[in-house]
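The structure appears below as structure tokens.
Nothing in this text is a laboratory measurement; each read-out follows from the coordinates by a stated rule. Everything numeric here is computed off the predicted structure, so don't read it as measured data. With ideal geometry, Cβ positions are generated from the backbone for all residues, glycine too; neighbour counts draw on all protein chains shown.
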Amino acid sequence: MEIKFKYTPDQIELVKATASRDRNVAYEAQAALAKLISPVLAQVINQAPVLGNLFTDIPYNADDNVSLPLDLYYDVTDEDYVEVWSQTQAGGLPTSTVQPTMSEMKVQTYPLNTAVSWDRKYAAKSRLDVVAKSFSRVAQEILLKQNKMSANVIMTSLANATTNSVRHVQRANLAGSFVLADLNELLTLAKRILTSWYGGTPAGGRGKGITDLIVSPEIVEKIRAMAYNPINTAAAPYASSLKDSIVAPDELRMKIFNSAGIPEFYGISIMEFNEFGVGRSANTVFDVAAASTAYSRPDGSTGSAVFAGATTEILVGIDRTRDSLLRPVAVDEDDGVFVLSVDDQWSIRQGKIGYWGGLEEGRLCIDNRALVGKIV
């Protein structure tokens, strides 16, 4: 992710004017540059391939208090109550709030701010590359914070999710292995969780239950390995030597072999995140959220154990056709979503030009039935 200027005469003159020794001219140019770059930063942040963009935006007026009418998001449930996971401050621990479906839920949002500065000499010499990279750093810092907030909500919701006494997280059949059988069982789990309001089949089938699979590079490696490794997991009456040598159909193997990137598999979009995997940040968040919860294999009775983030990893399946992960975001009538302002703490004597800014948002999961997980 990188922001670049076009090196047009207008942009060169604007950046150069920000270093003017006339304080009024410099401030006007700096404010104009902030007005120019604010919508660009907002667009870059919204399009970046990060966990935060799995959430659906709910824009609201910056001076308003955002709320959600839950009855518009839910059908009738067994007890007419829903469990909503959210966090009240940046970096805070997500908490569960039990709400009646026929209620207006107030959502507490929080600011995400950042600041950057550079020497005036770079602007005076029209070094647009330095200015552009500084603004790229602004977007990166906001994205880093958003990623942490998003991982907290998603992983905490998933770790504690239970529907009809069935946990949303299963263990793989074989520790350290991910094969077609594991993905197939995950699809079945999602189907059992995503039922109609009376526990039956949803109208129209409501899709496949999983639209996207968020995995680590190591899991993508295991998917690629299906092109040449055995995949069968059937037990007796097949002899071990026979069943362990059964491979995927040639057509599937060739498809995997020819598409090393694996953007889609089994009709499910594969999203590869470096934050996932043993010892990685998202894995650690799930480990903390899971605490002493024991997860078993799909049969519900074998392999039950507490999640160990140092040796195992979690992959997450999401149904993005459902309104589950929401992000209320404040929209300023003048500046839009991302508000960038001139940092007036710098004087001409200090030889710096600075900006500070950010946005106000909230993260919440109002329906954890859209989340399933597999421990590998």
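Observations on the structure shown:
- Treating r as the C-beta distance of Ser301 and Asp22 and R0 as 56 Å, the FRET efficiency rounds to 0.15.
- Our coupling estimate for region 359-368, obtained by passing each phi through the Karplus curve with A = 6.51, B = -1.76, C = 1.60 and θ = phi - 60°, is 8, 10, 8, x, 10, 8, 10, 9, 8, 6 Hz, Gly and Pro reported as x.
- Spin-label pair Ala310/Asp119, simplified geometry with 7 Å Cα→Cβ offset, distance in nm: 4.7
- Residues in region 305-336 that a label on Ser67 would reach, taking backbone N under 11 Å of a point 7 Å out along Cα→Cβ: none
- FRET efficiency for the Gln43 to Glu264 pair, using the beta carbon distance and R₀ = 45 Å, is estimated at 0.95.
- Karplus (6.51, -1.76, 1.60) ³J(HN,Hα), θ = phi - 60°, over region 126-135, in Hz, Gly and Pro reported as x: 6, 7, 5, 5, 5, 5, 5, 5, 5, 6
- In order along region 140-156, the Karplus-derived 3J(HN,Hα) couplings, from 6.51 cos²θ - 1.76 cosθ + 1.60 at θ = phi - 60°, round to 5, 5, 5, 4, 4, 5, 4, 4, 5, 4, 5, 4, 4, 5, 5, 5, 5 Hz, and Gly and Pro are given as x.
- Pairs beyond 29 Å (Cα-Cα), from Lys35/Lys145; Lys133/Lys222; Lys4/Lys106: Lys133/Lys222; Lys4/Lys106
- Taking Val278, Val306 and counting other C-beta atoms within 10 Å, the order from fewest to most: Val306, Val278
- Put simply, the amide H of Phe265, placed in the peptide plane, has neighbours under 5 Å in Ile270, leaving out anything fewer than 5 places away on its chain.
- Protection proxy ranking of 32-38, 284-290, 21-27, 156-162 - average other beta-carbon atoms within 10 Å, highest first: 156-162, 284-290, 32-38, 21-27
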